[in-house]
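A short worksheet on the structure shown next.
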Amino acid sequence: MRARDKAAVSALRATLAALDNAEAVPVGEAELRGLALEQSPVGVGATEAVRRELSERSVVDVVRAEAAERLEVAAQLTTPAHADRAARLRAEAAVLLHFLDGPGAA
């Protein structure tokens, strides 16, 4: 994206990371402890886990949550010293909400 779209780039990168995290499979407590060395899986792909596939509704929920988080933080930044940061957060939220406005909005 062009340099003038810094708010869009920032918002989209963070949202893509949030979506990636939402696709992660939760790890149980037993798995965190691990196995004995002789029981450890070996070979290519032995430690890979299948990722979850998010529904369209789940993706929309994650994007809305990201936009809401930015708007909430921007509302808390009330001092003049933070005006630029608040404006940037509102611009990022606007970018995300633009994608959710419906077909043809992006």
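The values are calculated or read from the model by the stated rules, or taken from the named source; none is laboratory data. None of these values were measured; they are calculated from a predicted model. Backbone-built Cβ (ideal geometry, glycine too); neighbour counts: all protein chains shown.
Annotations
- Condition met for V59 (among the β-branched types (V, I, T), buried (at least 18 other Cβ atoms within 10 Å of the Cβ), within 22 Å of A24 (Cα to Cα) and touching a residue at least 40 places away in the same chain (Cβ under 8 Å)): no
- Number of the condition not met by L54 [criteria: (1) surrounded by 13 or more Cβ atoms within 10 Å (Cβ to Cβ); (2) assigned to a helix (DSSP H, G or I); (3) free of Cβ contacts under 8 Å to residues at least 40 places away in the same chain]: (2)
- Restricting attention to region 1-33, the residues being at pLDDT below 85, hydrophobic (A, V, I, L, M, F, W, C) and part of a helix (DSSP H, G or I) number 3.
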